[in-house]
């Protein structure tokens with residue numbers, strides 16, 4: 001009956017306030033991350049898409065391919081990030097044909113940045129770009145809301161990432177092996193899922209190396225468990 | 001966001017053959033953040049009378065305390081256990097007293113009449129309008145999902161064990177589609193000679 005507004009801490013409310021989301025719009029209020037390791041990058045995400053509090057999709061794939069060796073992790077408005085990724089994919093495909101070689105991760109990240117910055121007033125998109133190229137090896141770039149571009153050894157994003165800053169700062173080590181890096185990402189995403197209402201479902205991960213992309217899924221009991229009373 | 005959806009909750013009560021069940025999730029959250037997973041929303045008001053309180057958590061606790069206070073006085077004056085129907089009227093009155101500045105809870109009541117052992121379930125809105133049904137009642141942030149599950153799974157005259165399965169599946173599959181409820185579940189099966197409390201193993205997301 002009563003519908004007075006409360007202060008905004010729900011991801012969709014915050015994004016709506018910023019001016020991006022329209023009422024009823026679907027969001028990937030989410031947990032995403034990408035980590036550089038010895039040989040490539042690991043990317044990971046949860047699988048929940050919400051319309052307000054309703055879980056519209058519980059098995060979403062937020063890890064989207066833009067080239068054979070470059071992926072992006074999407075958070076924010078589902079429509080905006082899908083549209084941006086499609087356009088970036090086109091640009092990179094064109095770039096690949098012009099240059100005669102695979103596009104660099106830095107190039108892909110810049111194309112994302114260009115779109116997100118130039119249309120910053122209309123978009124709600126928080127994107128992490130990660131991949132492998134032969135010049136730079138594994139690289140991770142953050143393109144948060146607003147359209148800045150920042151490279152780093154790892155990146156976290158989405159509403160669930162707020163619960164992970166301490167964990168990743170304490171647990172990250174450079175040049176991990178692939179299995180250790182997968183553990184690091186899956187533990188982190190599991191912790192965020194456990195606290196963030198907008199994150200949940202299964203954990204999707206991918207390892208991107210010079211040999212290509214290997215995808216992983218953790219479902220049900222495979223999700224890392226932490227202390228629970230019962 | 002609505003005040004009733006600030007903390008999030010999911011509660012169902014169902015009638016069975018000579019028994020009732022009431023089930024709730026265990027999440028205590030502040031908008032999207034989950035703070036704890038062992039928050040009680042179902043309160044015992046008598047040996048065979050339970051009330052489930054979804055809504056704003058502060059009002060959940062205040063209402064359960066104020067209700068218990070009024071119930072204690074009733075039982076001292078009348079020198080007997082309250083009937084579920086009378087209890088429902090007591091809750092309704094408590095809420096309507098605050099008609100123009102209401103408590104943000106939408107209670108669910110489940111019990112057995114102490115003399116006849118007839119099953120009784122009811123729910124009401126935040127200003128005390130009661131609804132008494134013969135099958136099930138639901139309340140919370142995923143009420144639409146719970147209605148869908150109950151409408152499909154419920155059938156009359158379920159035995160206590162079958163009722164447990166039915167109410168558990170209805171609750172879990174409903175709150176698994178809600179970002180604001182879940183993180184554990186508890187079910188009370190109320191029969192004439194015993195009350196069984198079971199914790200559900202659920203997804204914790």
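For every residue, the table says whether it meets (1) in contact with a helix residue (DSSP H, G or I) (Cβ under 9 Å, 6 or more places away or on another chain); (2) at the interface with another protein chain (Cβ under 9 Å from one of its Cβ atoms); (3) surrounded by 13 or more Cβ atoms within 10 Å (Cβ to Cβ).
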position	(1), (2), (3)
A:195	yes, yes, yes
A:198	yes, yes, yes
A:202	yes, no, yes
A:213	no, no, yes
A:220	no, yes, no
A:225	yes, yes, no
A:228	yes, yes, no
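On inspection, residue A:152 does not qualify as modelled with pLDDT of 95 or more and on the phi > 0 side of the Ramachandran plot.
Of the candidates A:29, A:52, A:40, A:76, the single residue that is within 14 Å of chain B (Cβ to nearest Cβ) and closer than 26 Å to residue A:172 by Cα is A:29. From the list B:7, B:79, the lone residue that is under 25 Å from residue A:50 (Cβ atoms) and either touching a strand residue (DSSP E or B) at 6+ places or on another chain (Cβ under 8 Å) or surrounded by fewer than 20 Cβ atoms within 10 Å (Cβ to Cβ) (or both) is B:7. Of all the criteria given as (1) surrounded by fewer than 14 Cβ atoms within 10 Å (Cβ to Cβ); (2) over 28 Å from residue B:29 (Cβ atoms), the one not satisfied by residue B:101 is (2). Please verify whether residue A:101 is modelled with pLDDT of 95 or more, out of contact with any helix residue (DSSP H, G or I) (no Cβ under 8 Å at 6 or more places or on another chain) and crowded, with 24+ Cβ neighbours inside 10 Å, treating the condition exactly as stated. No: the conditions fail for residue A:101. Of B:158, B:163, B:180, B:171, all but one fail to be buried (at least 18 other Cβ atoms within 10 Å of the Cβ), within 11 Å of chain A (Cβ to nearest Cβ) and not in a strand (DSSP E or B); the exception is B:180. For segment B:125-141, the candidate set comprises residues that are under 12 Å from the mean Cα position of the chain (by Cα) and either within 14 Å of chain A (Cβ to nearest Cβ) or not in a strand (DSSP E or B) (or both); within that set, the residue that is nearest to residue B:92 (Cα to Cα) is B:139. Number of residues in segment A:175-190 that are touching a helix residue (DSSP H, G or I) at 6+ places or on another chain (Cβ under 9 Å) and within 11 Å of chain B (Cβ to nearest Cβ): the value is 1. Screening residue A:123 with (1) within 13 Å of the chain's Cα centre (by Cα); (2) within 20 Å of residue A:78 (Cα to Cα) gives one miss only, at (1). Counting only strands (runs of 3 or more DSSP E) wholly contained in segment B:1-94, the ones carrying 3 or more residues that are more than 14 Å from every other protein chain (Cβ to nearest Cβ) occupy B:10-16, B:19-25, B:42-46, B:49-52. Among the residues of segment A:104-128, which ones are part of a loop (DSSP other than H, G, I, E, B), touching a residue at least 40 places away in the same chain (Cβ under 8 Å) and crowded, with 17+ Cβ neighbours inside 10 Å? If the condition is that a residue be part of a loop (DSSP other than H, G, I, E, B), touching a residue at least 40 places away in the same chain (Cβ under 8 Å) and crowded, with 17+ Cβ neighbours inside 10 Å, then A:123, A:124 are the ones that fit.
The values are calculated or read from the model by the stated rules, or taken from the named source; none is laboratory data. Please read all numbers here as calculations on a predicted model, not as lab measurements. Don't worry about glycine lacking a Cβ; one is built from the backbone with ideal geometry, like all the others, and counts go over all protein chains shown.
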